[in-house]
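Q: The structure follows.
The values are calculated or read from the model by the stated rules, or taken from the named source; none is laboratory data. Note that the structure is a prediction, hence the values are computed from the model and not measured. Neighbour counts are summed over all protein chains in view; Cβ atoms, including those assigned to glycine, are modelled from backbone coordinates with ideal geometry. Surface accessibility is based on the protein's heavy atoms, side chains included, excluding ligands, DNA and RNA. Shrake-Rupley method; radii C 1.70, N 1.55, O 1.52, S 1.80 Å.
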Amino acid sequence: MINHILLASLGLLAAAKPFDCGTDTAHASDDFLKSISALYEDNKNGSPAARAALAARDGDNNSHIEVDAVFHIVAKGEHKGDISDSMPAAQLDSLNESYKDYGFSFNLVNVTWTTNDQWAVGEGDSDLEMKKALRQGTYRTLNIYFQTDIGHVLGRCTLPSSVGSNADPSVYANDGCNVNANTMPEGLMDGFNKGKTAVHETGHWLGLLHTFEGKSCDGPGDYISDTAQEKESTEGCPESKRTCPDSGQDDPIHNYMDYSIDSCYTGFTPLQHDRMHSMYNMYRDGH
């Protein structure tokens, strides 16, 4: 008999190529879009004095930020054995290794384990129902829902937005990231099982967009000046690719906010570092 885990792995791999994420500017608040547009224009056109004033307003981007995190493992009954007890700790290690050079660390304060066939798929009303039942902490607590049967995408995440001071948790009940559980280290998703899908989605939670946002060689793209213009997302890990030839730059295939396979990723840019700190200080710190 062919091993059922092998069959599951092959099926997951076929369904997952290429990487797809359900987060883009269509899911962003007007407040968020105005903020990143202002930051982009200030950085691109502002004087040194203006940039210094912006940095003072947004806080010290060189400070270290420790983020409390809660992982929710949500499985269909038939798939709960696919996620081992060691995988959440390995996922935490992947997050911390990926963000250690960018001023963030993650403190895993809890792991919940739930068997629920509807929640494991995470669509429609059942997704919000799941989050209302499971979410923990404040607006600055990263909640990641690792679902065994999330469909269509490997992950999606909410972008930060203003929720007001002392907001009731019901206001931000949907905040957090949905991630295919099989992308965790040791998971069944070949090519995407080193934990980097959660790294990518956490980048959204911290205020980053895809490097290919807008899918155009014109315009602001991801609203960050030092990520090369990119018209098409990356599949796999090509030696190089250049979808905007006139830019004179290769696509940022090694950037966590592209769609490369896990082994292709190497990091963020300096201005992505600054953007994450600005967004955290602006929207999440103090909640």
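Q: Restricting the search to the stretch 180-226, which residues are closer than 16 Å to Pro160 by Cα, in contact with a Gly (Cβ under 8 Å, 6 or more places away or on another chain) and of a type in the set (Phe, Trp, Tyr)?
A: Within the stretch 180-226, Trp205 is the sole residue that qualifies.
Q: Return a yes/no flag: does the stretch 238-260 have any residue that is closer than 29 Å to Gln136 by Cβ and part of a loop (DSSP other than H, G, I, E, B).
A: Yes, the stretch 238-260 has at least one match.
Q: Same structure, new question: On the phi > 0 side of the Ramachandran plot, surrounded by 20 or more Cβ atoms within 10 Å (Cβ to Cβ) and over 14 Å from the mean Cα position of the chain (by Cα): does that describe Tyr283?
A: The answer is no for Tyr283.
Q: Quick one: which of Tyr102, Tyr139 is under 15 Å from the mean Cα position of the chain (by Cα) and touching a residue at least 40 places away in the same chain (Cβ under 8 Å)?
A: The match here is Tyr102.
Q: Answer yes or no: is there a residue in the stretch 199-209 that is touching a His at 6+ places or on another chain (Cβ under 7 Å) and either farther than 23 Å from Glu129 by Cα or open to solvent by 10 Å² or more (accessible area, probe 1.4 Å) (or both).
A: no
Q: Sticking with this one: Only one of Val74, Val109, Val70, Val163 is among the β-branched types (Val, Ile, Thr) and either open to solvent by 50 Å² or more (accessible area, probe 1.4 Å) or within 18 Å of Phe192 (Cα to Cα) (or both); which?
A: Val109
Q: For a quick check of your reading of the model, give me the residue pairs whose first member lies in the stretch 242-263 and is over 22 Å from Leu154 (Cα atoms), whose second is open to solvent by 30 Å² or more (accessible area, probe 1.4 Å) and among the small types (Gly, Ala, Ser), with beta-carbon atoms closer than 6 Å and at least 6 apart or on different chains.
A: So the pair list comes out as Asp250/Ser240.
Q: Another question about this same structure. Being open to solvent by 40 Å² or more (accessible area, probe 1.4 Å) and either on the phi > 0 side of the Ramachandran plot or at pLDDT below 95 (or both) is true for just one of Ser263, Ser233, Ser247. Which residue is that?
A: Within the list Ser263, Ser233, Ser247, the selection yields Ser247.
Q: Would you confirm, using the coordinates I've provided, whether Leu154 is touching a strand residue (DSSP E or B) at 6+ places or on another chain (Cβ under 9 Å) and at pLDDT 95 or above?
A: no
Q: Restricting to strands (runs of 3 or more DSSP E) lying wholly in the stretch 68-177: which have 2 or more residues that are over 22 Å from Phe19 (Cβ atoms) and not aliphatic (A, V, I, L, M)?
A: The qualifying strands (runs of 3 or more DSSP E) are 104-115.
Q: Which residue out of Gly81, Gly122 is modelled with pLDDT under 95, open to solvent by less than 60 Å² (accessible area, probe 1.4 Å) and more than 26 Å from Gly267 (Cα to Cα)?
A: Gly122
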